Amino acid sequence: MTSLLDPVVIPGEPEFQLPGDGILAPASGDVPQSFDAACTVCGASRVEGQDWCLECGTAFAAPRAIPGVQTVALAGAFTLLMAGGAVAARGIIELARIRLGISDQFTHIPERQ
Ligand SMILES: [Zn+2]
């Protein structure tokens, strides 16, 4: 019967065996380097570049007060594109209606007699 603690043999690779307790020692590359600043709310340590506290959820990065120029420009361009598409679609429908001689029965208001 095989066990998780039995050596693992992969052809072409050196034989690998877990330690007797089955727990690998941490390699230095596995552990992120901590730096001085800790969470101001709960005191948990954090690594450089970390935006949120993993313990209490406090944001470390300063929130942006206003959206960036690119965001506003993109929203405006998208709005213009959608409005232009709606106008073009209405024009195409109107042109087809005139060409095919279909009455505009939904917008035409009959005169009173
Ligand atoms: Zn925290």
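Structure above, values below:
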read-out: Cβ-Cβ FRET estimate between GLU15 and SER45, R0 fixed at 30 Å, reported to 0.05; value: 0.20
read-out: Calculated FRET efficiency for the pair VAL72/SER28, C-beta based, R₀ 41 Å, to 0.05; value: 0.35
read-out: J(HN,Hα) series, the stretch 96-101, from Karplus relation 6.51 cos²θ - 1.76 cosθ + 1.60, nearest Hz, glycine and proline x; value: 5, 4, 5, 5, 8, x
read-out: In order through the stretch 81-92: 3J(HN,Hα) via Karplus (6.51 cos²θ - 1.76 cosθ + 1.60), integer Hz, x for Gly, Pro; value: 4, 5, 5, x, x, 5, 5, 5, 5, 5, x, 5
read-out: Phi to ³J(HN,Hα) by Karplus 6.51 cos²θ - 1.76 cosθ + 1.60 over the stretch 5-12, Hz, x for Gly, Pro; value: 8, 5, x, 9, 10, 10, x, x
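Taken together, the values in this text are just the output of simple stated rules run on the coordinates, not laboratory data. Computed from a predicted model, the values in this text were never measured in an experiment. Note that we place each Cβ from the backbone using ideal geometry, even for glycine, and neighbour counts take in every protein chain shown.
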